[in-house]
1. State all residues of region 94-116 that are out of contact with any helix residue (DSSP H, G or I) (no Cβ under 6 Å at 6 or more places or on another chain) and outside any strand (DSSP E or B); if no residue qualifies, say none.
2. Every residue in region 102-125 that is without any contact (Cβ under 8 Å) to a residue 60 or more places away in the chain and not polar (S, T, N, Q), please.
3. Taking region 202-224 only, how many residues are polar (S, T, N, Q) and modelled with pLDDT under 90?
4. Could we say that Y229 is out of contact with any helix residue (DSSP H, G or I) (no Cβ under 7 Å at 6 or more places or on another chain), at pLDDT below 95 and open to solvent by 50 Å² or more (accessible area, probe 1.4 Å) here?
5. Would you say A137 is open to solvent by 20 Å² or more (accessible area, probe 1.4 Å) and touching a residue at least 40 places away in the same chain (Cβ under 8 Å)?
6. What are the pairs with Cβ atoms under 9 angstrom where one residue, in region 88-101, is without any contact (Cβ under 8 Å) to a residue 60 or more places away in the chain and the other, located anywhere, is assigned to a helix (DSSP H, G or I) and open to solvent by 10 Å² or more (accessible area, probe 1.4 Å)? Sequence gap at least six, or different chains.
7. In contact with a Gly (Cβ under 6 Å, 6 or more places away or on another chain) and under 21 Å from D92 (Cα atoms) - does that describe any residue in region 165-184?
8. Determine which member of the set N123, N194 is more than 25 Å from C90 (Cα to Cα) and either of a type in the set (D, E, K, R) or outside any helix (DSSP H, G or I) (or both).
Amino acid sequence: MFLLALLFAWRTSRSILRPIDRLNQRIAELRRTGNLKLQPQDRGEGDVPHEIHALHDNFNGLIRRLSEVLAQLEQLSLTDPLTQVGNRRCFDQVLDAEVSRHRREGASMALLLLDLDHFKAYNDCYGHPAGDRCLIALADLLKDLFRRSGDRICRIGGEEFAVLLPRTGDREAECLASRIVAATAELNLEHRDNPPLGRVSVSVGVSSGRPSESLTGSWLLQAADQALYRCKRELGRNTVACAPAHDCYQPSAFASYQLAPAPDANENPSDPNG
């Protein structure tokens, strides 16, 4: 009788207590580390009660659902809610990752920085709902133009967008930037306070090169920003300006170009109309 009791206790431990203990350990690990790996099924234990299998399946189902919800939240945290393109957080993450990847591969990449001309005046004239529709129209236009899997479109400011172009040289980047300017004009959206055009337009700054120790994400962004500033202050908007391409394999081609400090707002007041 005693031996039968021991055998029963051993089988109970094997079929019920051990699976529950392993599941409990996995829950403790989840709480401690946040690791959302699934709990593997016990193999070779056909005598495990179906209630234990159900508990295991429910646990894994909960983990799958939690993983889906977290992925959705992560996507939302990287998406601009108005235009449904990437936001500034997304841009910063992708820019650093792409610079690192292109540095390893020795490939060229480009950054387009574009800004709606006199957008504050547009909002003042037509109202913010119309301004939102204008931003959405520009975002949709960019989605149509840039369909490669690696192309990344982000809204990084109020009326400012960035397009990150992998494996793209300076001439191709300039050509693509010109397409943005032309396609925006073809939208033919009225903008009375954008003389002499009288319609919505954009200016685009372009930077490009092979990432190296000197060509970083910060360099690409600053160079494109200064090229965009040149569009706004020297070229009359509705146009494209390119920073000299940075080529780590031909440093002399870049030697004469130095990034200037960002314009001092006290010395060169920004146009409030954009």
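The values are calculated or read from the model by the stated rules, or taken from the named source; none is laboratory data. Note that this is a predicted model, so its numbers are computed, not measured. Cβ coordinates were reconstructed from backbone atoms using ideal geometry, including for glycine residues, and neighbour counts include every protein chain displayed. All accessible areas refer to the heavy atoms of the entire protein, side chains included, with ligands and DNA or RNA removed. Shrake-Rupley method; radii C 1.70, N 1.55, O 1.52, S 1.80 Å.
1. V94, A97, E98, S100, R101, H102, R103, R104, E105, G106, A107, S108
2. R104, E105
3. Selection size over region 202-224: 3.
4. Values: out of contact with any helix residue (DSSP H, G or I) (no Cβ under 7 Å at 6 or more places or on another chain): yes; at pLDDT below 95: yes; open to solvent by 50 Å² or more (accessible area, probe 1.4 Å): yes.
Against the criterion (out of contact with any helix residue (DSSP H, G or I) (no Cβ under 7 Å at 6 or more places or on another chain), at pLDDT below 95 and open to solvent by 50 Å² or more (accessible area, probe 1.4 Å)), Y229 qualifies.
5. yes
6. R89/S77
7. Our first condition is that a residue be in contact with a Gly (Cβ under 6 Å, 6 or more places away or on another chain); within region 165-184, this holds for 166.
Now drop any that are not under 21 Å from D92 (Cα atoms), which leaves 166.
Checked region 165-184: at least one residue is in contact with a Gly (Cβ under 6 Å, 6 or more places away or on another chain) and under 21 Å from D92 (Cα atoms).
8. N194
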